Amino acid sequence: MLDERKKKILQLIIEDYISTAEPVGSRNLARKYDLGLSPATIRNEMSDLEMLGYLEQPHTSAGRIPSAQAYRFYVDSMIEPGSLTDNDRALINGWYTERRRNIDEIFQSTAKILSRMTQNVSMVLANKDSEAVFRYMKFLPLNEDHAILIIVTDDGNVDNCVVEIPLGMRQDELDYMAGRVSRILEGKPLSVISENILEGIHTDVAEDELMFRSLLRSLRKISRKHREQRVFLGGTKQLLNQPEFRDVDRVQNLLGILEEERVVRDLLQAGEDSGLKITIGTENKFTGIQDCSMVQATYRLNGKIVGTMAVLGPTRMEYGKVITVMDYLHKYLKTMFEQGSDKE
C-alpha cells in the first residue's frame, strides 16, 4: 500500500510523462509542482517507488518513467471520470451527420473519430446485421454477356457484383426482370432468400438456367457478406508521431499485425464480453503488442453485441481522455442504433 505522499508523487510522474514523453527527475518535479517538498525528499520517495516496482530508470537518463505496474495502479485507482468539451461533442455530432449514410459508414466514421481524438490507433469490429432486408435490385450494362447487379437493402447498403446474362438480352428485358425480382423479394431478410423462394423467378422471369444460377450465386454471396464481421481501422499513421515508435522495426511489426484482419478480429473478440477493458503491456496476450496498451469497449443493442471498439497505443497513452471519448461514443452510438431500430 502506498501512503498519500507516494500516491501524489506517482500520479504527477505518470501524468508528466504522459504529457512530455520525457523521464521525470526529482528536481524537475519540485520545480513544476507545488508539493512543499525538497528535491532530496522527492528523490527518496522516487527511490522507494522504484524499489516497489512502480518506477523504472532508463539507462541514459537520471529521471524515472512509470512501469506497467504504475499504469495499472493509475488506471484502477487514480483516474476520475471526465467529460468532453462542447467543441469535442460538436465535432463528433457534425462528423456523423455529414458522413452517415449506412451502417458501414457509421463504423468507419467511428474509427476515424476515435483515432483523431485520442491520437492513437483505433479499431472497430462491427457485427453485421444478418437480418438485413432486401429492398430492390437493378442491372447496369457491362458488356454483351455480363451485367452489374445492384442490390439495395433497408439499412442503406448498396452491394454490387457481376453476373452472366444470356447473349443478346436487351436492357429493357433486364429492367423487367429486376422489377419482377424486386417485387418478389422486397421485405424479405437476405438470410432467408433460398432457391425455393427464387423458383418463381426461375419459371416466370429468368428461364435461362445460366442467368438463374448466376443470380442465385450473387444473392447468396451478398447475404454472406451481410453476416460477416467487418474490421475498421483508423489512425495507423499516428504511430509515427509517437516517440515510442520511432524504431522502424517496431513500427513495421505492429503495422504487420494491424494489416491482418483475422488477427485484429481475434484481438477484439478476446474481450468483447468484458464491458470496458484496459490491458497494459504484458497483460496483452497477443505477441507484438506486449509493449502497448489497449482500451476496449463493447456496445450492445437489446442485449445483442453490435460492435467492439478499441484504442491501441503506447503504455504512455492519455487513459483518461481515451476512456472519456469511448464512453461518449458508446452512448452516442447506442442512441443512434436505438433510433434506427424504432424507425423500423
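The values are calculated or read from the model by the stated rules, or taken from the named source; none is laboratory data. What you are looking at is a predicted structure, and each value in this text was computed from that prediction instead of being measured. Neighbour counts are summed over all protein chains in view; Cβ atoms, including those assigned to glycine, are modelled from backbone coordinates with ideal geometry. Quick note on the areas: whole protein, heavy atoms, side chains included, nothing else; ligands and nucleic acids left out. Shrake-Rupley method; radii C 1.70, N 1.55, O 1.52, S 1.80 Å.
For the stretch 166-194, taking the residues that are more than 15 Å from F139 (Cβ to Cβ) and open to solvent by less than 60 Å² (accessible area, probe 1.4 Å), the one that is modelled with the highest pLDDT is identified as G187. Here the stretch 69-83 is the region considered, the condition is being at pLDDT 90 or above and small (G, A, S), and the residue that is most open to solvent (accessible area, probe 1.4 Å) is S77.
Listed here are the residues, each with its yes/no results for (1) in contact with a helix residue (DSSP H, G or I) (Cβ under 8 Å, 6 or more places away or on another chain); (2) touching a residue at least 24 places away in the same chain (Cβ under 8 Å).
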{"site": "K8", "(1), (2)": "no, yes"}
{"site": "Y17", "(1), (2)": "no, yes"}
{"site": "A21", "(1), (2)": "yes, yes"}
{"site": "V24", "(1), (2)": "yes, yes"}
{"site": "R27", "(1), (2)": "yes, no"}
{"site": "Y54", "(1), (2)": "yes, yes"}
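Would you confirm, using the coordinates I've provided, whether N120 is surrounded by 13 or more Cβ atoms within 10 Å (Cβ to Cβ), closer than 30 Å to E318 by Cα and at pLDDT 85 or above? Yes: the conditions hold for N120. When N44 is tested against the conditions (1) farther than 27 Å from T335 by Cα; (2) open to solvent by 70 Å² or more (accessible area, probe 1.4 Å); (3) at pLDDT below 95; (4) part of a helix (DSSP H, G or I), the lone failure is (3).
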